[in-house]
Amino acid sequence: MLYNLLPMSILKVEGVSKSFSGIKVLNNISFECNKGEIIGIFGRNGTGKSTLLKIIYGTLKSNGVKLFINNTLLSTSNVISSGKIAYLPQDPFLPKELTVRDVIPYFYKGEDQDKVFYAPGVSEFDHLKVGHLSMGQLRYVEFLLLANLNHSFLMLDEPFSMVEPIYINYIQQKIVELKTEKGIIISDHYYSSVLEVSDTMFLINNGIKVDVNSEEDLMKYGYLSSDQELKPEN
């Protein structure tokens with residue numbers, strides 16, 4: 001269900017193609033993400049999910065791509081400076097020697113810091129150095145730092161992988177909350193966690209975008225085996 005009362009904001013991604021060593025990983029991928037919508041992207045390792053997000057964010061060049069926000073062309077070289085799209089990468093990015101309390105003021109000033117300080121569970125570890133956090137605590141803090149920015153769109157690469165269940169739950173709850181004000185794109189091998197929050201989904205299969213609607217569709221196109229239960233792909 002989309003939040004139709006929101007001011008309309010649409011991210012259009014057109015014609016993403018990318019090859020590595022002559023092998024086409026992405027073949028003319030196009031899609032739209034509306035404000036108030038959560039899009040889930042699936043695909044096995046090496047199928048180009050992270051590559052697609054990096055191309056949209058402008059940190060990886062594409063053989064061809066056009067980005068539009070509200071029908072205005074946006075150069076991939078200007079995505080970061082535009083302040084329109086926030087991106088959570090797979091790899092950790094916070095300095096390990098700083099405590100969580102010290103990190104938050106780098107992203108937020110004044111009362112805006114409360115969005116992270118008073119998020120569920122953060123007070124239990126905000127005194128710890130980033131390098132001493134568990135994987136779930138680290139991803140949760142990184143997610144909160146980016147998710148609460150005033151960007152219209154949020155891209156999340158592996159927000160759930162290797163994360164403890166309590167933090168998966170916190171992240172899912174916040175994603176659903178943020179849906180009232182952003183368009184959100186998620187890619188993660190913990191597919192059940194993505195299925196639970198997504199409105200629209202597609203699979204990248206042999207470089208091609210394939211629309212999917214359920215776990216059965218993921219089985220149909222070979223992402224899941226028929227005897228595989230709700231477990232993340234290794």
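Where a number appears in this text, it was derived from the coordinates with a stated rule and is not lab data. Bear in mind the structure is a predicted one, so any value in this text is a computation, not a measurement. Positions of Cβ are backbone-derived with ideal geometry, glycine not excepted, and every protein chain shown enters the neighbour counts.
A compact table of results
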read-out	value
Longest DSSP-loop-exposure-free segment, GluC sites (Glu not before Pro), the chain, at most 11 other Cβ within 10 Å	98-228
Whole-number D in µm² s⁻¹ for the range 138-234, Kirkwood Cα-pair radius fed into Stokes-Einstein, 37 °C, 0.692 mPa s	230 µm²/s
Derived scalar couplings ³J(HN,Hα) [the range 112-128; Karplus, 6.51 cos²θ - 1.76 cosθ + 1.60; whole Hz; x for Gly, Pro]	5, 4, 4, 4, 9, 4, 9, 5, x, x, 5, 4, 6, 9, 5, 8, 7
3J(HN,Hα) from dihedral phi, the range 36-52, Karplus parametrisation 6.51/-1.76/1.60, rounded to Hz, x for glycine, proline	x, 10, 10, 10, x, 10, 10, x, 5, 3, x, 8, x, 4, 5, 4, 4
Beta bridges per DSSP with both ends in the range 10-220, % antiparallel, nearest 5	55 percent
Ellipticity estimate at 222 nm from DSSP helix runs (n ≥ 4, -39,500 (n - 2.57)) divided over the chain, nearest 500	-7500 deg cm²/dmol
Length released on extending from Met219 to Phe68, taking residue separation times 0.36 nm less the Cα-Cα span	51.1 nm
Placed amide H near Leu156: partners under 5 Å, 5+ positions off or other chain	Leu88, Ile185, Ile186, Ser187
Cα-centred dipole magnitude for the range 1-139, charges only on beta-carbon of K, R (+1) and D, E (-1), debye, nearest 20	640 debye
Ser17 long-range amide H proximity, modeled H, under 5 Å	Asn28, Ile29, Asn63, Gly64
Exposure proxy order (Cβ contacts within 10 Å, fewest to most) of His127, His189	His127, His189
Within the chain, longest stretch free of exposed trypsin sites (Lys or Arg not before Pro) [DSSP loop, at most 15 other beta carbons within 10 Å]	110-234
Residues Tyr57, Tyr118, sorted so that the one with the fewest Cβ neighbours within 10 Å comes first	Tyr118, Tyr57
Under the Karplus curve 6.51 cos²θ - 1.76 cosθ + 1.60, θ = phi - 60°, whole-Hz ³J(HN,Hα) for the range 152-168, x wherever Gly or Pro sits	6, 9, 10, 10, 10, 9, 6, x, 9, 5, 6, 9, 4, x, 4, 7, 4
Amide H within-cut-off set for Met201, under 5 Å, with H built and near neighbours excluded	Gly40, Val212
Cα-based convex hull volume of the chain per residue, rounded to whole Å³	131 Å³
Computed FRET value (nearest 0.05) for Glu124 with Val197, which takes r as the C-beta separation and R₀ as 22 Å	0.40
